[in-house]
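Notes to accompany the following structure.
Each reported figure results from applying straightforward, stated rules to the coordinates on display, with no laboratory input. Everything quoted here is computed from the prediction, not taken from an experiment. Cβ placement follows ideal geometry from the backbone for every residue including glycine, while neighbour counts extend to all protein chains displayed.
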Amino acid sequence: MHLTRLASLHRLTPQTSLLVNALSGAVDLVDNRARSQLLELALGRQPALAEQLRQSLVERGYLYADEGEERAALNRIYKMYQEVSASRPFQLIVSPTYTCNLDCSYCFQSSQLRARPQVMRLQQVAHLFLAAQQFTASWPGRDRQLVLFGGEPLLPT
């Protein structure tokens, strides 16, 4: 039995932990007994798992026969990602400024960065359009999207 290296355990309460699988996207609550067994698996040991737990771990993509089976699952997911991404439009994401007139609590940028009134210079804008031409030439026939990001990119400045 091989526990995926892309699983992580996060203690929620003294009795429960959150088990997260970055490979399959599964998220599950586990009790302390299961947590202990998962930690044993992570250390390369082979604890005696209850059949229901073992079956659930296999179905949810946490447990594989060996590293090769896990690698094959990762390769399948990567191939699906490539197929989906090939059909999506090419996106050029531009952050003309982090300057913002708001103070949203969910913003990931520090208030110091947002407070600096920096915007793209005209030479940077010219380089942006040149880079956009070069990138989009690499993907002929694909739709293109320009995404303005960061701060409030349409502020008058």
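In 5 Å bins starting at 0, how do the alpha-carbon pair distances of the chain split up by percent?
That works out to 2, 7, 12, 12, 9, 8, 10, 11, 11, 9, 6, 2, 1, 0, in percent per bin.
First obtain the Kirkwood hydrodynamic radius of region 50-95 from its Cα pairs, then insert it into the Stokes-Einstein equation at 37 °C and 0.692 mPa s, and state the resulting D in µm² per second as a whole number.
Translational diffusion coefficient: 250 µm²/s.
Pop out the ³J(HN,Hα) list for region 122-130 in order, Karplus 6.51 cos²θ - 1.76 cosθ + 1.60 with θ = phi - 60°, rounded to Hz; leave Gly and Pro as x.
4, 5, 5, 5, 4, 5, 4, 5, 5
Angle, helix 32-42 long axis vs. longest principal axis of the chain, Cα atoms, 0 to 90°, nearest 10?
80
Please turn the phi angles of region 81-96 into ³J(HN,Hα) values with the Karplus equation 6.51 cos²θ - 1.76 cosθ + 1.60 (θ = phi - 60°), one per residue in order, whole Hz, x for glycine and proline.
4, 4, 5, 5, 5, 5, 8, 8, x, 5, 10, 10, 9, 10, 10, x
Sequence-distant or interchain residues sharing an amide H contact under 5 Å with Thr97, placed H: which?
Counting only residues 5 or more places away or on other chains, the set is empty.
Using only helices, what value at 222 nm comes out for the chain when you add -39,500 (n - 2.57) per DSSP H run of length 4 or more and divide by the total residues, to the nearest 500 deg cm²/dmol? Show your work: numbers first, answer last.
Numbers: 5 runs with 62 residues, N = 157.
That comes out to -12500 deg cm²/dmol.
At 7 Å along the Cα-to-beta-carbon direction for both Cys104 and Gln145, put a label point, then send me their distance in nm to one decimal.
Label at Cys104, label at Gln145, 1.6 nm between them.
Shape verdict for region 1-62, please, from the Cα gyration tensor: rounded (a/c under 1.5), prolate (a/b greater than b/c) or oblate.
Numbers: a/c = 1.37, a/b = 1.08, b/c = 1.26.
Rounded.
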